[in-house]
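Here the structure is laid out as structure tokens; the discussion comes afterwards.
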Amino acid sequence: MAYMTKLTRRQKELLAEIEQSRPMSIYALARHSGRNYRRVFDHVKQLAAAGLVDISPQIRNGRQVSIVESIYQQRMRRLDEIFAFKVKIDATQ
Amino acid sequence: MQLSEAAHRLLDILDPDAVLIGGICGAIYGVERFTRDVDIAADLEPETIIQRLKDAGIDAAVRYSNEPDDLSWVVHGLFEGIEFQVLPASETGISRGLFEVKAGYKVPDIHSFMVSKCIAAGQQDMHDVAALCLLYPELDSAGRELAAKYGCLEKLESWLSDRRLLQRYAGKG
């Protein structure tokens, strides 16, 4: 992944939307942004290929959905997990 | 409280005059290193920072220094059990206008972040710069130039050839 990935205006807008929202399905993202599902799906795939978002399968309401999360949100979540783990270790010592 | 939440709340209190720096900013840019505190660079006077924190119910104190290699002041405190420090933006190499918002956090742009790390030039700071250079090879020459400018190129090169760092970051960007 290059630090300065070249994106179209639409992709930038979608990325900003992903970064400002909680992780959500591509379907929910399309609905949230008021855009065509297929377009959003294609853009999300392109953002994932550029390493800017992560798509993970999850089961929600008994159905498998693709959840989109920005890499920055993912990194912050990882940082919180490590922090919580260390706090727990410290508390037991 | 989670570290990310503490960072968010502190940034909100000092908004729009502050950005996240330190380990959390590094983590946002992809550096995997444990951190237990929140570091912020602010373009405010320490008294204003303390007042704003006090208004939000957070106790903080300021430590002044006249030592040539030290920052002239550091505001520090504890927020819900998480340590935080607010540093003078102008002395940490952070330019007020050069920031980005990543995952809702205001952070310096990556170049300013590397400048702040090269000014601090501790081992952890150079670890972070090396990790960024390995993650984003297009930043390698800028990283080396900054390190040379701030007299820490030798430390940076040592980290850039560190086997564990290479395994962890090279080609992972």
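Shape analysis of the stretch B:121-173 yields a ratio of the Cα radius of gyration to the Kirkwood radius, Rg/Rh, of 0.93.
Centre-to-centre, using Cα atoms only, the stretch B:141-173 and the stretch B:98-139 are separated by 12 Å.
For A:Lys6, the lysines whose Cα falls under 19 Å of its own Cα, not counting residues fewer than eight places away in the same chain, are A:Lys45, B:Lys102, B:Lys172.
With Cα atoms as the point set, the radius of gyration and Dmax of the protein assembly as shown evaluate to 19.6, 63 Å. Each principal axis of the Cα cloud of chain B was evaluated for its coordinate range; sorted largest first, these ranges are 47, 35, 28 Å. Only alpha carbons enter this Debye calculation for the stretch A:25-93, each as an equal point scatterer, and the log10 of I(q)/I(0) it gives at q = 0.15, 0.24, 0.26 Å⁻¹ is -0.61, -1.04, -1.12. Ranked by how many other Cβ atoms sit within 10 Å of their own Cβ, fewest first, the residues B:Thr92, A:Thr8 fall in the order A:Thr8, B:Thr92.
Just so you know, all these numbers are worked out from the coordinates, no wet-lab data involved. Note that the coordinates shown come from a computational prediction; the quantities given were computed from them, not determined experimentally. Note that we place each Cβ from the backbone using ideal geometry, even for glycine, and neighbour counts take in every protein chain shown.
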